1. Checking the conditions here, which among ARG334, ARG394 is within 19 Å of GLY16 (Cβ to Cβ), part of a loop (DSSP other than H, G, I, E, B) and either not aliphatic (A, V, I, L, M) or not assigned by TED's automatic domain parsing to the domain that holds LYS300 (or both)?
2. Filter the range 184-202 for residues that are among the small types (Gly, Ala, Ser) and under 29 Å from the mean Cα position of the chain (by Cα) and give the result.
3. For the range 397-416: of the residues being surrounded by fewer than 16 Cβ atoms within 10 Å (Cβ to Cβ) and over 27 Å from GLY19 (Cα atoms), which is nearest to the chain's Cα centre (by Cα)?
4. How many of the residues making up the range 65-74 are in a helix (DSSP H, G or I) and within 20 Å of GLU44 (Cβ to Cβ)?
5. Which condition breaks for LYS349 when tested against (1) buried (at least 17 other Cβ atoms within 10 Å of the Cβ); (2) closer than 20 Å to VAL6 by Cβ?
6. Listed residues THR292, THR274; which is surrounded by 17 or more Cβ atoms within 10 Å (Cβ to Cβ) and either among the polar types (S, T, N, Q) or assigned to a loop (DSSP other than H, G, I, E, B) (or both)?
7. Only one of (1) out of contact with any strand residue (DSSP E or B) (no Cβ under 8 Å at 6 or more places or on another chain); (2) hydrophobic (A, V, I, L, M, F, W, C); (3) at pLDDT 95 or above fails for VAL130. Which number is that?
8. Could you check the range 300-331 and list, in sequence order, the residues that are assigned to a loop (DSSP other than H, G, I, E, B) and of a type in the set (Asp, Glu)?
Amino acid sequence: MSALPVSLLPDTATVGPDGQLVIGGCDTLELARRFGTPLFVYDEAHLRARCREAVTAFGPGVNYATKAFLCTAMARLAVEEGCNLDVSTGGEYHVARAAGVPADRLVLHGNNKGADELRRALAEGVGRVVVDSFDELDRIEALVAEGLPVPRALLRITPGVEAHTHEFIRTGQDDSKFGFGLASGVAEEAVQRALASPAVDLVGLHAHIGSQVFEARFFELAVEVLAPFVERHGLPELSLGGGLGVAYVEGEHAPTITEWGEAVHHACAAAGITAAVTAEPGRALVAQAAVTLYTVGTVKDLPGIRTYVAVDGGMSDNPRPVLYGSGYEAFLARAVAADRPRVVTVVGKHCESGDVLVRDARVPADLAVGDVLATPVTGAYGHSMGSNYNKVTRPAVVFVADGDARLVVRRETFDDLLALDLG
């Protein structure tokens, strides 16, 4: 029966005079009319506040993990607030550079960087390359032999810490496609290889244990495991990656970025680590900053079974429920503080039975066709993991602040679907 927890909404969210959701001084019902639905609405003040909090917690070397959400406006915003950018593909690198971000503010990740991706990054003076394999070291050495600059590099170490999160987003366990294993001795071999190579300026180590991690103790455990290795080699930098969880549904709780930073720095100090410690938050910066607005198109009641509420988006703009079984809340943008006694299953418009956005969602009793239904905490891994399944066009993205709505990604058109089709 409870109303939506306000803690799941963006920082500037308020209830308007008619009960409607207002974000950044903008009426979300008006945004839906103006820009159409589905629509990602980002609270710019929220984004800026989380970026500043990350810089305070980890210093100016903190890197925003752009895989969570990237467009040129987001790249510029994060850099304006003091973050560097973590990019994991040539495409992410290209968008960041198109946004005017200097190459030395970028950290290039990825477990299978191609020669062309590395060539451009090295030629433009990328800030750091996080090396993930011996094959990558081979490629870098070949490129430097061609005359490209020697990159500053970190080696990605797999610490053998298995965080309690979905198996698809665990990365720190021994059986992982990422990094050099610590327990197997491969990490030691990689350090020696990099130190001996004239093509690599080894400045540090990197570790990442997974995503959507709710307990700081897993980061502390990673520090404890890594500490002897880190101190033995005395490298000046240590990045502990990202992965801090966020609350998506009522009853979930997660550490703040500040609390996470304090736990990491305390663990590093206790373990005697003297390297400069940084991190790569992504989800924690952007997830809660956005809500997605949909229009209800069909309400289908199956007596004694369930009620399906179909909206004009679905797994193409938020694949997380399908991929990970992720939970979300739902509410009506016209009645953000209303009780939600009715239990429905919110589904998308795709020709797929698994196209479920919110299973057993609680909504107001008077939900009807034409309503604008909203899902909060959709700022991470919705837009960035979106697709054109069933040739559904991707939604628009707006940033809102001080009563102004700025379109930062336009809605795709049917003609866009044909742009690459050569017939």
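The values are calculated or read from the model by the stated rules, or taken from the named source; none is laboratory data. Note that the structure is a prediction, hence the values are computed from the model and not measured. A quick note on method: Cβ atoms are made from the backbone with ideal geometry, for glycine too, and the neighbour counts reach across all protein chains shown.
1. On the way: ARG394 fails: within 19 Å of GLY16 (Cβ to Cβ).
When all the criteria are applied, what remains is ARG334.
2. Within the range 184-202, the subset among the small types (Gly, Ala, Ser) is 184-185, 187, 190, 194, 196-197, 199.
Passing the criteria: ALA187, ALA190.
3. ARG410
4. Applying the first criterion (in a helix (DSSP H, G or I)) to the range 65-74 yields 66-68, 72-74.
Narrowing the set further to residues that are within 20 Å of GLU44 (Cβ to Cβ) leaves 66, 68, 72-74.
Residues in the range 65-74 being in a helix (DSSP H, G or I) and within 20 Å of GLU44 (Cβ to Cβ): 5 in total.
5. (2)
6. It is THR292.
7. (1)
8. Hits for the range 300-331 are ASP312, ASP317, GLU329.
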